[in-house]
Each structure stands twice: as structure tokens, then as C-alpha cells.
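Here's the structure we're looking at; comments come further down.
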Amino acid sequence: MERVWASRLRWRLRGAWLAPLLVLLTLADALLIHWRPLAGDGPTGFFAALLLASFLNLVAIAALAPFVGMAWRRLQPSLPVVVARDRAGVALVLLVTTGLVAAGALHHGTVVRNADAAADAHARAVAWIGTYAPAPYRRHLALADTVAVVPGSLYRTCAHDPASGRSWCVVAHPHGPVRHDGGTPNAVFQAGRG
């Protein structure tokens, strides 16, 4: 019995890389999606990233690996079906990871630009509120919050007066004009848009 176990272990170490690589790369893909999101302005939640990574890898293995394995066997007819599918699965899982690295790197520039634009718009809006808003709102500029109306090009900032419960809001374009936008707090503004 020990001889059979040793033979299987040797085969696993030599050729059956799909199962351990699938687990390892699915976790790595989830971390990649979390740290370098494919869309949006901030990090993707880890659980959502894990679901997406699992889905992409399982589609690659379940839907594509059998066909790639058949093509591999046409190139090497002496290769057993199981080995061909394993190698095809390994290649596809590595391809998924490579695609996620490339997509995350391409989108990262957009995330950074939008974060810089939001910081610029917030700073300009706070300076404008500090200059033109009534005194109760100027005293509480540290409570100002900013939301993206159009990420990268239009932001809305509100300063709040805790005593009256009212807000003073402005709309700011990065590197552009700032104008007063009423007193609807950003939380209510966003709820009305959604």
C-alpha cells in the first residue's frame, strides 16, 4: 500500500498541479481584485473579490479546460486525457491571473486620478466655503464631506452646522469653478439619486 501512495505522490508532485494551484491562485486573484480593483473608485470588498476570482477560475476550468485539453492531446497524442486536462487547467488558471494583473494595472491609473481629483475638489470646496459661507458653517469645516457626482469631473461638498442641523453645499469641478448648491446634505442627495 505504501508503494502505491508513494507512486501517487510522485505523480502529483510531477504533473498534477491544477488542484493546489487553483486554491492558491484563487486566493491570490481575490487579493489582486481587492487591492487593484477592475472597476470603481476604491478597493473591492474581499468577499466579493473572492467570489469573482472563484467564478473566473471555475469557468476557465469547467468550460474551457476540456476543449484546450483536447487540443493539447491533438498536439501530443501520447498524453493521457487526465494529464492534458490538468495542464490545460493550469495554463488557463495562470492566464486568468495574468489577465487580472493586467486589468488591475490598467484601471489603477483611473483610481489614482479620481482620488486626486476628489482631494483637489474637496480642498477647493472647503476653501470656498471658508471664504463665502455663513459663519456657522465656516466654524465646522472639519465636518465637511465630499461625494462624487461624476467621478473625476464633478464633486459635491457639504459643510454642516451641528447646532441647527443644516448644511451648506457647493459643487466643485477639479481645477474649475466652485458654486453654491443649496442645503441638501450629501446623504439625502445621494439617496435621491439612487
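Brief remarks on what is shown
- Extreme residue, least open to solvent (accessible area, probe 1.4 Å), among residues of segment 151-167 that are in a strand (DSSP E or B) and among the aliphatic types (A, V, I, L, M): 159
- Complete set of residues in segment 168-194 that are open to solvent by 70 Å² or more (accessible area, probe 1.4 Å) and either touching a residue at least 60 places away in the same chain (Cβ under 8 Å) or assigned to a strand (DSSP E or B) (or both): 179, 180
- Residue count for segment 62-84 under the criterion of being open to solvent by 80 Å² or more (accessible area, probe 1.4 Å) and at pLDDT below 90: the result is 2.
- Test: residue in segment 154-161 that is among the basic types (Lys, Arg) and either modelled with pLDDT of 90 or more or at positive phi (or both): yes
- Among residues of segment 30-61, those that are open to solvent by less than 80 Å² (accessible area, probe 1.4 Å), part of a helix (DSSP H, G or I) and within 30 Å of residue 147 (Cα to Cα), counted: 10
The values are calculated or read from the model by the stated rules, or taken from the named source; none is laboratory data. On a predicted model such as this, the values are computed, not experimentally measured, just so you know. So basically every Cβ, Gly included, is an ideal-geometry build from the backbone, and we count neighbours across all protein chains shown. All accessible areas refer to the heavy atoms of the entire protein, side chains included, with ligands and DNA or RNA removed. Shrake-Rupley method; radii C 1.70, N 1.55, O 1.52, S 1.80 Å.
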